[in-house]
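The values are calculated or read from the model by the stated rules, or taken from the named source; none is laboratory data. The shown structure was predicted, so the numbers you read here are calculated from the model rather than taken from an experiment. Please note: Cβ atoms are built from the backbone with ideal geometry, for glycine as well, and neighbour counts cover all protein chains shown.
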Amino acid sequence: MLFYRRFTVYAAGFVLFAVAVYGCGGNAVKKSATQTKATDAATIGADAVASGDTSRAIDKFKEAVRLDRTIDDRESELRDLISLSRAYLLEPNPDMATEYVNDAVRIALTLKNDERLSDAYATLSSACYAKGDYDAALLAINSASAIDDRLQKRSGAKLNIKGNVLIAMGRRAEAEQVCLSALSQAGKDGTLAETANAHRTLGFLSAGKSEYATAFDFYSKAYEIDKGFGYSAKVAVDLAGMGEAQFSLGKTAEAAGFFERAYTVNLNAGRAGAAIENLDRLISIYKNAGDEPNVARFTALKQKLAGKEHGNGTNVK
């Protein structure tokens, strides 16, 4: 479930790219033109994130930051540094994300821009989480939450991040309350992506309490939202979660069906490692059921896929 835990926090930390619209003002035409180029680069970066092209997103956000710096546009630089950091989290490269988001924190403090400072702290929390530094992750997300409370702008995304950090620290009872708050806040804000993230995490927590029917319900709700948005990686996680819940409820055939669907999603999206994890689970399920033909079938698929990945120089675990 490591992929699930990492993915959920990245997803919660990278909700929306709000690209500011710049006015012309009374400054020189050259500055206005540069601002426009920076905005265009950031917009392309946001589109690249939405399409899953993380490498292009990073390049475009770097371009936006460089252009911001050529005209000392600190507010735009702050925004684009946060976006660049989040793109690095999706790569994933938490070390680079940390480097850029620390720059963002410093600028936000200098500018006394509390709203952006909260966003920067939330991104820093996700970066610390990705590196396994959960104490630092909790400190950062608590700092973000304190700012949001003062500004009276609570965020479902940030609550989702905090919930996942608490899970990693073994504080599941607290995590559940935070995730329920995230679900409520996301509903108030109308942010469906964060509603799905909260459902998914609550599914994970419910399964941990052996409440498998409830877990299945949470994962199903996340799946319906994620499928509508076309979030392939999330859809695969939701399907696997539903499969685990069904297996724990003694519904072997249904469980296998969900894992096979998760495998198909991951395979066709190019996520070979995740697809192999799904195949491993299918092999285990069919071994448990004494279904040797399906054990042989999925073992062969795994060997074929693993062979292709090793042939491409990719390390598949």
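Okay, here's what the table says:
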quantity	calculated
Single residue of Ser76, Ser85, Ser55 found to be assigned to a helix (DSSP H, G or I) and surrounded by fewer than 19 Cβ atoms within 10 Å (Cβ to Cβ)	Ser55
Index of the failed condition, Ala48 passing every other in (1) in contact (Cβ under 8 Å) with a residue 40 or more places away in the chain; (2) within 20 Å of the chain's Cα centre (by Cα)	(1)
Qualifying residue in the stretch 164-175 (condition: surrounded by fewer than 21 Cβ atoms within 10 Å (Cβ to Cβ), in contact with a Gly (Cβ under 8 Å, 6 or more places away or on another chain) and not aliphatic (A, V, I, L, M))	yes
Selected residue (only one of Ser145, Ser206 is more than 19 Å from the chain's Cα centre (by Cα) and either in a helix (DSSP H, G or I) or crowded, with 20+ Cβ neighbours inside 10 Å (or both))	Ser206
Check on Ala275, hydrophobic (A, V, I, L, M, F, W, C), within 26 Å of Glu91 (Cβ to Cβ) and crowded, with 20+ Cβ neighbours inside 10 Å	yes
Residue pairs meeting the criteria (Cβ under 8 Å; at least 6 apart or on separate chains; first within 11 Å of Ala97 (Cβ to Cβ) and of a type in the set (Phe, Trp, Tyr), in the stretch 112-136; second at pLDDT 95 or above and not in a loop (DSSP other than H, G, I, E, B))	Tyr129/Ala137; Tyr129/Ile161; Tyr129/Asn164; Tyr129/Val165; Tyr129/Ala168
Failed condition for Glu224, given (1) among the acidic types (Asp, Glu); (2) in contact with a Ser or Thr (Cβ under 9 Å, 6 or more places away or on another chain); (3) surrounded by fewer than 21 Cβ atoms within 10 Å (Cβ to Cβ)	(2)
Selection count where residues are outside any helix (DSSP H, G or I) and either at negative phi or under 20 Å from the mean Cα position of the chain (by Cα) (or both), scope the stretch 60-73	2
Any hit, the stretch 93-108, residues being closer than 19 Å to Gly163 by Cα, touching a residue at least 24 places away in the same chain (Cβ under 8 Å) and over 17 Å from the mean Cα position of the chain (by Cα)	no
Arg86 vs. criteria among the basic types (Lys, Arg) and either touching a residue at least 60 places away in the same chain (Cβ under 8 Å) or touching a Phe, Trp or Tyr at 6+ places or on another chain (Cβ under 8 Å) (or both)	yes
Residue in the stretch 94-114 that is loosely packed, with under 15 Cβ neighbours inside 10 Å, modelled with pLDDT of 95 or more, farther than 30 Å from Asp149 by Cβ and β-branched (Val, Ile, Thr) present	no
Qualifying residues in the stretch 37-68 (those that are among the polar types (S, T, N, Q) and modelled with pLDDT of 95 or more) - the one farthest from Ala130 (Cα to Cα)	Thr39
Only listed residue being on the phi > 0 side of the Ramachandran plot and free of Cβ contacts under 8 Å to residues at least 60 places away in the same chain, chosen from Gly228, Gly257, Gly243, Gly270	Gly270
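Here's the yes/no breakdown for (1) closer than 24 Å to Tyr231 by Cβ; (2) touching a helix residue (DSSP H, G or I) at 6+ places or on another chain (Cβ under 6 Å):
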| residue | (1), (2) |
| --- | --- |
| Thr39 | no, no |
| Ala46 | yes, no |
| Val49 | yes, yes |
| Thr54 | yes, yes |
| Asp59 | yes, no |
| Val65 | no, yes |
| Asp68 | no, yes |
| Glu75 | no, no |
